[in-house]
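Peer 1: Could you have a look at this structure, given as structure tokens, before my questions?
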Amino acid sequence: MDNRKFEKISKALSDASRLSILQQFKKKQDCVYCTEVHDLLDLAQPSISHHLKQLVDAGLLIPEKEGRNLKYTLNETVLDDYITSLQRLKL
């Protein structure tokens, strides 16, 4: 993983709301719908959209349109690569 991608993911994970969103994927072990994120976080819809966009831009979430709704799946490959890069920093 290059430094630019590593930095983008690190910035995306530096927010408590975005971490809460990712933790929701662990609980569900499947896709998460935008409405579920709204129920999870006490934030306005524009804020939730912003957080989801940051996670998508970092490559951590994969959006998929399903009818009028968006569902998101965790990109485990990118997350695994990020964790591996973090482990390489440990000496």
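The values are calculated or read from the model by the stated rules, or taken from the named source; none is laboratory data. For clarity, every value in this text was computed on a predicted model and none was experimentally measured. Cβ atoms come from the backbone with ideal geometry, glycine included; neighbour counts cover every protein chain shown.
Peer 1: Name the residues in the range 51-61 that are farther than 19 Å from ASP80 by Cβ and surrounded by fewer than 15 Cβ atoms within 10 Å (Cβ to Cβ), would you?
Peer 2: Across the range 51-61, the qualifying residue is only LYS53.
Peer 1: Limited to the range 1-26, what total is found for residues that are over 18 Å from GLN87 (Cα atoms), charged (D, E, K, R) and surrounded by 10 or more Cβ atoms within 10 Å (Cβ to Cβ)?
Peer 2: Going through the range 1-26 one residue at a time, the tally reaches 2.
Peer 1: Taking ASP39, is it out of contact with any Leu (no Cβ under 8 Å at 6 or more places or on another chain), in a helix (DSSP H, G or I) and at pLDDT 95 or above?
Peer 2: So ASP39 does not fit the description; no.
Peer 1: Quick one: how many residues across the range 59-79 are under 16 Å from SER20 (Cα atoms), in contact with a helix residue (DSSP H, G or I) (Cβ under 7 Å, 6 or more places away or on another chain) and not in a strand (DSSP E or B)?
Peer 2: Residues in the range 59-79 being under 16 Å from SER20 (Cα atoms), in contact with a helix residue (DSSP H, G or I) (Cβ under 7 Å, 6 or more places away or on another chain) and not in a strand (DSSP E or B): 1 in total.
Peer 1: Only one residue in LEU86, LEU91, LEU22 is modelled with pLDDT under 95, of a type in the set (A, V, I, L, M) and not in a helix (DSSP H, G or I), so which one is that?
Peer 2: LEU91
Peer 1: Next question, about the same structure. Inside the range 37-55, can you point out the residues that are over 18 Å from LYS26 (Cβ atoms) and not acidic (Asp, Glu)?
Peer 2: HIS38, LEU43, ALA44, GLN45, PRO46, SER47, ILE48, SER49, HIS50, LYS53, GLN54
Peer 1: Just the residues that are free of Cβ contacts under 8 Å to residues at least 12 places away in the same chain, charged (D, E, K, R) and farther than 15 Å from THR35 by Cα, please, taken from the range 50-89.
Peer 2: Scanning the range 50-89 gives GLU76, ASP80, ARG88.
Peer 1: Residues in the range 29-50: is at least one within 16 Å of TYR82 (Cα to Cα) and among the small types (Gly, Ala, Ser)?
Peer 2: From the range 29-50, those within 16 Å of TYR82 (Cα to Cα) are none; that's our starting set.
No, the range 29-50 has no match at all.
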